[in-house]
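Everything on this sheet refers to the single structure shown next.
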Amino acid sequence: MRSVKKFGIRWSGLIPLCILTALVVIYFLFFFDQHLRYWMAKGATKLNGAKVDIASVTTHFSKARITIHGLDFGSRSEPMTNTASIDTVVLDINPGAIIHGHVVIDETSVTGMHYGTPRKTSAALSAAESKNSVPTLASKLGQAVEHEVKAAIEESPLNNLSALLNVDSLKQAALTQLDNLPTVQKVKQITEDVKNTEKAWRSQIEALPSVNDVRDIEQKIKSLASSEIKSPADVQRIIGEIQTLQKQAKTWQEAALQTQKRLVTDVQRFETMTRETAATVKNDVQGVMTAIKAPSLDIHDLAPALLGPMAQKRLHTLASAIDMARAYMPNNKNKEKNPDVVTVKRAQGTDVIFRREITYPKFLLRAAKVDTDLFHDEKRGRLTINAANITNTPHIWPEPATFAVDVKAPGIEHASLNGTIDHRTDLAHETIKAKVQGIDLGTMDLHRSNTLTFVITNALLDAETSVDIQDDVFGVHMAGTMRDVRYTVESGNAEITKILQDIVKDLNIVQLSVGVSGDIASPKFEIHSNLGERLAHGLRNALLHRFEELKTHVEAKVRERFEVEQARAVEAVNQLRQEGVDIATKRLSDLVGLDGMAQNAIKEVGGKLSKNAADAVFKQLGGKIKLPF
Amino acid sequence: MFFVRQIIRVLALIHSEAATSQLAAGLVLGMFMGFTPMMSLFWVKYVVLALILRVNLGMVFFSLGVFKSLSFGLDPLFDRLGLRLLTGDLHGFWAKLYDLPLVPFTRFNNSIVMGSVACSIVLMIPVFLMTTYLIKHYRILVVSRVRGTTFFKTWQASNFYKLCEKYHAFG
């Protein structure tokens, strides 16, 4: 019978225990690095928002060091390009913290950094992988600023510059207005009045004695003057008849005089009216210009429309970075109400965090010092980064996260960036001061539409930016200068091309000022630039020139049209004068002559009597007749 | 079928000449392992104990299966108990414990881990004593009587029984 062993130590159990331990050691020696590489790549991909590839990870347990080789950060916007590639990253882990369940990286060093390198596979994430990234600050800022920039672009006169500068259609529109001009209407009315008056005049002229009537009387006086006088009684009779004719002539003369006066007055009145109408032609020009809706000359600063998208892109990048910092370094406000108790998944219980006794946060990058060469297209630069206190639980770490970046790279003469991310309290507070010199902006669209391409093809940017964000209150200001600026203008309209080229011809330095302030829900976005002002001024002048040209054209057309009508009126008045005043004057003259003729005839009749005969006649008549001579 | 096989196996263990204390200790260790969630340093400790302590491994596995099945239903109870313990008067003690090296990896600060371990500790001695008592009395009252029967004596004399004996010697 087998002996029954009592409860105690089973020495034979040490063998499987050793085997188990050996398996664990083998795992850490041969497989742990692979798994660590997988988890690191996964975590970095989540942070980056595009695929991050890691060639290999080597863990040195004796030195508490992790070395990462071949780190490629894919670009979100250009999936076939790496934003940055790093040859080697060395992380020195704090072993004391590891045994407490914390990851504390005391130091980080980076060597061999490249950017803009091509990728063999796309860095784009699938929809399922990327749906977790929900930016808040960036989206809010993006929406608010995008709205303003979009409005500025839509209102930009560059959108319909060809239409604004093309005044031919306006000229055509002006022609259709000419018949309705008030002045022309008035002159037409005068012409009509003249014609109506002409009828009344004709009846008056017709009431005057005709030329034949005057001739008849003339003949009668002549025959009376030459008739034979046989007796004094003949003299008396002839003189009486002549006097009767003379009276008739005087009556006619009076009527002719009255008619002439009236006609002259009417003609003068029409001439005055026609002359006065000419003075109101200017009002017609204004009227036509208003009616054809001549272009507005009120062009504001064009900087928001031209440089707004660039500023918006920079702001969005900044806000995305702050979004990321707030997502992965949350402040107290973003934590749960009871910070000591963190509810995990169902059936997995609740983790109680004893934070007062914890020495380190769960993750802490205590210091990262990067001093490495930077490569881009076989060109070399230098990158220095000093970052500290980057943690996922900033509220339990006494110091805020800080970073200082200094870059000299291909495409950047020099850039320095200093910032603080303070998420230790309820109020998230980020401050950044950046100074860049000689950033190559490459090709930058100022305006691109079907009709016009207005592009900066070369420019170097020097700028200073200050950012101060407290919770949702934004304060960003950037003052910069773009130098060595060259422009390309392409348009189907040669005139527009020339105008724009002339405007920016000598503008090789562009001053830029961008400001965003206020609450994130309603930020006040301001952007000013001498480029915008210069363009506004230049376009205003070009439009003014066109406007003046249009005005001159309209004025000429209005005058031309008026002169045609005025000529008609003048002609009508002249005709009136010829057919009325001249006839009346001629009649009057004839009748005045008739009166003189009658007087001469009476003298002639009287002269025919001898003095004796005259005395005898006087005696015989006894002074009953009084002779006019 | 699996459960029937396990019960037969346990009955075989009880009927065997294995020490009562080993069987009871195996049951208790299985209870710890069954109640405590796996992703914790406690489990490493249990495995090491199972290997180096002279406990009946068959009973450990049986007990693990039984108590793991029970733990699914008892998790809410463990959660409440663990949370009360962690947030109660012992808060300072846990905080100091949490600050010790490697201890956080036990996940003792998790309510279910704490509740299940506390429950297991409380039940450890009663379960041990009760199991010992039950096995002893079972062996006296049932097994000894069965062993006295002619059928069992015939069976014990068979070659197949001897073969089984050799098999158990490994256990």
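Filter the range B:60-94 for residues that are within 12 Å of another protein chain (Cβ to nearest Cβ) and either open to solvent by less than 50 Å² (accessible area, probe 1.4 Å) or of a type in the set (Gly, Ala, Ser) (or both) and give the result.
Initial filter on the range B:60-94 (within 12 Å of another protein chain (Cβ to nearest Cβ)): B:60, B:71-88, B:90-94.
Once the filter is applied, which keeps residues that are within 12 Å of another protein chain (Cβ to nearest Cβ) and either open to solvent by less than 50 Å² (accessible area, probe 1.4 Å) or of a type in the set (Gly, Ala, Ser) (or both), the range B:60-94 yields B:VAL60, B:SER71, B:GLY73, B:ASP75, B:PHE78, B:ASP79, B:GLY82, B:LEU86, B:GLY88, B:GLY92, B:TRP94.
Kindly provide the set of residues from the range A:520-541 that are touching a strand residue (DSSP E or B) at 6+ places or on another chain (Cβ under 6 Å) and farther than 19 Å from A:THR465 by Cα, ordered by number. Spell out the reasoning first.
Here is the first cut: in the range A:520-541, the residues touching a strand residue (DSSP E or B) at 6+ places or on another chain (Cβ under 6 Å) are A:520, A:523-531.
Once the filter is applied, which keeps residues that are touching a strand residue (DSSP E or B) at 6+ places or on another chain (Cβ under 6 Å) and farther than 19 Å from A:THR465 by Cα, the range A:520-541 yields only A:LEU531.
Taking into account only those residues within the range A:86-102 that are in contact with a Leu (Cβ under 7 Å, 6 or more places away or on another chain) and modelled with pLDDT of 85 or more, which is surrounded by the fewest Cβ atoms within 10 Å (Cβ to Cβ)?
A:ILE86
What's the number of the only condition in (1) in a helix (DSSP H, G or I); (2) of a type outside the set (D, E, K, R); (3) open to solvent by less than 30 Å² (accessible area, probe 1.4 Å) that A:CYS18 fails to meet?
Among (1) in a helix (DSSP H, G or I); (2) of a type outside the set (D, E, K, R); (3) open to solvent by less than 30 Å² (accessible area, probe 1.4 Å), A:CYS18 violates only (3).
Spot the failing condition for A:ILE229; the list is (1) touching a residue at least 24 places away in the same chain (Cβ under 8 Å); (2) in a helix (DSSP H, G or I), and only one is missed.
Exception for A:ILE229: condition (2).
So, in the range A:410-434, how many residues would count as being assigned to a strand (DSSP E or B), of a type in the set (A, V, I, L, M) and within 15 Å of A:PHE474 (Cα to Cα)? Walk me through how you get there before you give the answer.
Of all residues in the range A:410-434, those assigned to a strand (DSSP E or B) come to A:412-422, A:429-434.
So of that shortlist, the ones also of a type in the set (A, V, I, L, M) come out as A:412, A:415, A:417, A:421, A:432, A:434.
Then keep just the ones that are within 15 Å of A:PHE474 (Cα to Cα); that gives A:421, A:432.
Residues meeting the conditions: 2.
Quick one: would you say B:LEU141 is more than 8 Å from every other protein chain (Cβ to nearest Cβ), surrounded by 12 or more Cβ atoms within 10 Å (Cβ to Cβ), without any contact (Cβ under 8 Å) to a residue 24 or more places away in the chain and not charged (D, E, K, R)? Break it down stepwise before answering.
On the way: more than 8 Å from every other protein chain (Cβ to nearest Cβ): yes; surrounded by 12 or more Cβ atoms within 10 Å (Cβ to Cβ): no; without any contact (Cβ under 8 Å) to a residue 24 or more places away in the chain: yes; not charged (D, E, K, R): yes.
Here the answer is no, as B:LEU141 does not meet what is asked.
Mind checking whether some residue in the range A:34-44 is surrounded by 17 or more Cβ atoms within 10 Å (Cβ to Cβ), among the small types (Gly, Ala, Ser) and within 14 Å of chain B (Cβ to nearest Cβ)?
no
Can you pull out the residues in the range B:23-38 that are open to solvent by 20 Å² or more (accessible area, probe 1.4 Å) and within 9 Å of another protein chain (Cβ to nearest Cβ)?
B:PRO37
Quick check on the range B:119-127. Is at least one of its residues more than 12 Å from chain A (Cβ to nearest Cβ), free of Cβ contacts under 8 Å to residues at least 12 places away in the same chain and touching a helix residue (DSSP H, G or I) at 6+ places or on another chain (Cβ under 9 Å)? Before you say what the answer is, go through the steps one by one.
Taking the range B:119-127 and keeping what is more than 12 Å from chain A (Cβ to nearest Cβ), we get B:119-127.
Narrowing further to those that are free of Cβ contacts under 8 Å to residues at least 12 places away in the same chain: B:121-122, B:125-126.
Of the ones still in play, those that are also touching a helix residue (DSSP H, G or I) at 6+ places or on another chain (Cβ under 9 Å) are B:121, B:125.
Yes, the conditions are met somewhere in the range B:119-127.
Which of the numbered conditions does A:GLY96 fail, given that it passes all the others? Conditions: (1) farther than 23 Å from A:PHE363 by Cβ; (2) within 14 Å of another protein chain (Cβ to nearest Cβ).
(1)
Under 7 Å between Cβ atoms, which residue pairs at least 6 apart in sequence (or on different chains) link something in the range B:18-43 that is free of Cβ contacts under 8 Å to residues at least 24 places away in the same chain with a partner that is open to solvent by less than 20 Å² (accessible area, probe 1.4 Å) and hydroxyl-bearing (Ser, Thr, Tyr)?
Filtered contacts from the range B:18-43: B:TRP43/B:THR36.
Quick one: what pairs do we get from the range A:1-24, first residue facing chain B (nearest Cβ under 7 Å), second part of a helix (DSSP H, G or I) and modelled with pLDDT under 80, C-beta under 7 Å, 6+ apart or different chains?
Pairs that qualify, where the first residue is facing chain B (nearest Cβ under 7 Å) and the partner is part of a helix (DSSP H, G or I) and modelled with pLDDT under 80, are A:ARG2/B:ALA169.
Looking only at the range A:510-530, decide whether some residue is crowded, with 20+ Cβ neighbours inside 10 Å and of a type in the set (Phe, Trp, Tyr).
Scanning the range A:510-530, I find at least one residue that is crowded, with 20+ Cβ neighbours inside 10 Å and of a type in the set (Phe, Trp, Tyr), so the answer is yes.
Determine if the range A:69-81 includes at least one residue that is of a type in the set (Val, Ile, Thr) and free of Cβ contacts under 8 Å to residues at least 60 places away in the same chain.
Step one: of the range A:69-81, the residues of a type in the set (Val, Ile, Thr) are A:81.
The next check asks that each one be free of Cβ contacts under 8 Å to residues at least 60 places away in the same chain; those that pass are A:81.
Yes - at least one qualifying residue is present in the range A:69-81.
Given the criteria within 19 Å of A:GLN34 (Cα to Cα) and of a type outside the set (Ser, Thr, Tyr), does A:ILE105 qualify? Step through it out loud before you land on a result.
Details: within 19 Å of A:GLN34 (Cα to Cα): no; of a type outside the set (Ser, Thr, Tyr): yes.
So A:ILE105 fails the test.
Could you grab me the full set of residues in the range A:160-170 that are in contact with a Leu (Cβ under 7 Å, 6 or more places away or on another chain) and of a type in the set (D, E, K, R)?
None - no residue of the range A:160-170 is in contact with a Leu (Cβ under 7 Å, 6 or more places away or on another chain) and of a type in the set (D, E, K, R), so the list stays empty.
Any chance you could count how many residues in the range B:45-59 are hydrophobic (A, V, I, L, M, F, W, C), touching a residue at least 24 places away in the same chain (Cβ under 8 Å) and open to solvent by 30 Å² or more (accessible area, probe 1.4 Å)?
2
Would you mention how many residues in the range B:95-112 are open to solvent by less than 60 Å² (accessible area, probe 1.4 Å) and within 7 Å of chain A (Cβ to nearest Cβ)? So that I can check it myself, show each step before the final result.
The initial filter retains those residues of the range B:95-112 that are open to solvent by less than 60 Å² (accessible area, probe 1.4 Å), namely B:95, B:97-99, B:103-104, B:106, B:108-112.
Narrowing the set further to residues that are within 7 Å of chain A (Cβ to nearest Cβ) leaves B:95, B:98-99, B:104, B:109-112.
Total meeting the criteria: 8.
Would you confirm whether any residue within the range A:209-220 is modelled with pLDDT of 80 or more, outside any helix (DSSP H, G or I) and not aromatic (Phe, Trp, Tyr)?
Scanning the range A:209-220, I find at least one residue that is modelled with pLDDT of 80 or more, outside any helix (DSSP H, G or I) and not aromatic (Phe, Trp, Tyr), so the answer is yes.
Could you say which residue among A:VAL104, A:VAL110, A:VAL57 is within 14 Å of chain B (Cβ to nearest Cβ), farther than 30 Å from B:LYS162 by Cα and assigned to a strand (DSSP E or B)? Show your work before the answer.
On the way: A:VAL110 fails: within 14 Å of chain B (Cβ to nearest Cβ); A:VAL57 fails: within 14 Å of chain B (Cβ to nearest Cβ).
Every option except A:VAL104 fails the conditions.
The values are calculated or read from the model by the stated rules, or taken from the named source; none is laboratory data. Since this is a predicted model, take the numbers as computed values, not measurements. All Cβ positions, even for glycine, are placed from backbone atoms using ideal geometry, and neighbour counts span all protein chains on display. Side chains are part of the model used for accessible areas, which takes the heavy atoms of the whole protein and leaves out ligands, DNA and RNA. Shrake-Rupley method; radii C 1.70, N 1.55, O 1.52, S 1.80 Å.
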